[in-house]
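Every number here is computed from the coordinates shown, using simple stated rules; none is lab data. Small disclaimer: the values here were computed from a predicted structure and weren't measured. Using ideal geometry, Cβ is built from the backbone for each residue, glycine included, and neighbour counts are taken over all protein chains shown.
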Amino acid sequence: MRRLLTILLLVGGLSACAGATGAGLADGASAPRQCFWARNVSGFSAVDDDTVNLRVGVKDHYQLELAGACPDVDWAHKIAIRARGGSSICVGGDAEIIAPGPLGPQRCLVRSVRKLTPQEVEALDARARP
């Protein structure tokens, strides 16, 4: 009996962890959540005041749509990205970009995060590719 209880607790704990990290599939049809750590961002390119493309690691690319215009982001040589409400940045998650401005750091809320497909990355203009 004790052994059965231990196995049930272990299985329950593992399934709870899978749901918390987004690794589990909901309804058997959804894809796992696509997330990245801010520290793994290896490049960026500001398309305009409202859109920033990120390279994460070597091969992953994400596009961030900003909640409003971030006027100095397209002139910035470096930016910071910070997850809001968690430790990683996920598709559909909440984040902000911090870009230097003439009067100090400028905080720009991110409206949406989307992972780009390899075909979308190939189709990007050279200036928009991080």
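Close amide H partners of Gly93, meaning residues 5 or more places away or on another chain with modelled amide H under 5 Å apart, are Val113. In the frame of its principal axes, the stretch 76-117 has Cα extents of 33, 25, 15 Å, reported largest first.
The distance between label points at Ser88 and Ser42 comes to 1.8 nm (points 7 Å beyond Cα on the Cα→Cβ vector).
A crude spin-label estimate for the pair Lys115 and Ala67, with each label 7 Å from Cα along the Cβ direction, gives 2.5 nm. Overall size of the stretch 35-128 from C-alpha positions, given as principal axis extents largest first: 38, 31, 20 Å.
Scanning residues 5 or more positions from Thr51 or on other chains, those with amide H under 5 Å from its amide H are Leu66, with H placed 1.01 Å from N in the peptide plane. Our coupling estimate for the stretch 61-73, obtained by passing each phi through the Karplus curve with A = 6.51, B = -1.76, C = 1.60 and θ = phi - 60°, is 10, 10, 10, 10, 9, 7, 5, x, 4, 10, x, 9, 5 Hz, Gly and Pro reported as x.
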